[in-house]
1. Quick test of your reading of the structure: residue 60 fulfils all but one of (1) open to solvent by less than 50 Å² (accessible area, probe 1.4 Å); (2) in contact (Cβ under 8 Å) with a residue 40 or more places away in the chain; (3) farther than 19 Å from residue 97 by Cβ. Name the failing condition by number.
2. Between 107, 81, 70, 51, which is open to solvent by less than 30 Å² (accessible area, probe 1.4 Å), at pLDDT 95 or above and not acidic (Asp, Glu)?
3. Is at least one residue of region 7-21 surrounded by fewer than 10 Cβ atoms within 10 Å (Cβ to Cβ) and of a type in the set (Ser, Thr, Tyr)?
4. From the list 12, 62, 33, which one is at pLDDT 95 or above, within 20 Å of residue 93 (Cβ to Cβ) and not acidic (Asp, Glu)?
5. If you go through region 8-23, how many residues are in contact (Cβ under 8 Å) with a residue 40 or more places away in the chain and over 24 Å from residue 96 (Cβ atoms)?
6. Looking at (1) closer than 14 Å to residue 28 by Cβ; (2) more than 11 Å from the chain's Cα centre (by Cα); (3) open to solvent by 40 Å² or more (accessible area, probe 1.4 Å), which one does residue 94 not meet, given that it meets all the others?
7. Check region 24-46 and report whether any residue there is loosely packed, with under 11 Cβ neighbours inside 10 Å and either touching a helix residue (DSSP H, G or I) at 6+ places or on another chain (Cβ under 9 Å) or of a type in the set (A, V, I, L, M, F, W, C) (or both).
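The values are calculated or read from the model by the stated rules, or taken from the named source; none is laboratory data. Bear in mind the structure is a predicted one, so any value in this text is a computation, not a measurement. So basically every Cβ, Gly included, is an ideal-geometry build from the backbone, and we count neighbours across all protein chains shown. In case anyone asks, the SASA skips ligands and DNA or RNA and just uses the protein heavy atoms, side chains included. Shrake-Rupley method; radii C 1.70, N 1.55, O 1.52, S 1.80 Å.
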Amino acid sequence: MPNIDLAQLVTAEDKAAAAAASLRSAVVSAIDAHVEATARSRDYNSAESLAGYASSTVSAWAAEANAFIAWRDAVWQAAFAILSDVQAGARIAPTPAEAVAEMPVIAWPG
């Protein structure tokens, strides 16, 4: 009779943890892509580039950067709240697209 290597055993808890980690990674990646796309929608090279204009001497660029930074913070707070609620069992896990759809909408200075 062959020996069973218990180190190779995958439990239901292991599978659930792997699925949760995979979902978290997919949601975080989708939201990160959303943040990047939002920055590029204003012709900045990246979110990092746009945020770098926060102290610009050009008031319009500084205003856009500061609006973006505040929005980006709100997005990540919302995203982590969703993921926390999922982990706590308080809600069903959204798909990455559903999570992005739940994010706040940016209000560009006008």
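1. (1)
2. Within the list 107, 81, 70, 51, the selection yields 51.
3. There is at least one residue in region 7-21 that is surrounded by fewer than 10 Cβ atoms within 10 Å (Cβ to Cβ) and of a type in the set (Ser, Thr, Tyr).
4. Residue meeting the stated conditions: 33.
5. Of the residues in region 8-23, 0 are in contact (Cβ under 8 Å) with a residue 40 or more places away in the chain and over 24 Å from residue 96 (Cβ atoms).
6. (3)
7. No: region 24-46 contains no residue that is loosely packed, with under 11 Cβ neighbours inside 10 Å and either touching a helix residue (DSSP H, G or I) at 6+ places or on another chain (Cβ under 9 Å) or of a type in the set (A, V, I, L, M, F, W, C) (or both).
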